[in-house]
């Protein structure tokens with residue numbers, strides 16, 4: 001069965017809007033609507049990415065880091081020292097609570 005990239009894009013855009021609505025109207029830090037919208041958004045992105053690849057052999061410039069792996073990430077930059085000092089920590093970034101979706105953006109050359 002051939003995927004429909006246009007339908008997948010429409011679902012992805014709707015998921016972005018749903019996520020924004022959930023975040024902007026959250027009732028608490030632990031609002032389950034935000035978690036649900038997060039999952040719907042991640043799923044919709046993957047469906048869209050797969051549909052583009054299947055029909056047009058194209059991809060988006062985004063990469064979603066899978067948090068469901070065994071914790072081993074060869075390209076895990078969370079421990080990198082981004083603030084430029086020699087203490088090995090990243091004083092310039094917020095602490096990672098493990099609930100965030102890592103997105104990497106790449107550019108075509």
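In terms of its alpha-carbon gyration tensor, region 5-56 comes out prolate; a/c meets the 1.5 threshold, and the first ratio a/b outweighs b/c. Relative to the current alpha-carbon distance between residue 31 and residue 59, full extension at 0.36 nm per residue lengthens the span by 6.9 nm.
Read-outs throughout are calculated quantities, based only on the coordinates presented, and are distinct from any laboratory measurement. What you see is a predicted model; the values in this text were computed from it and never measured.
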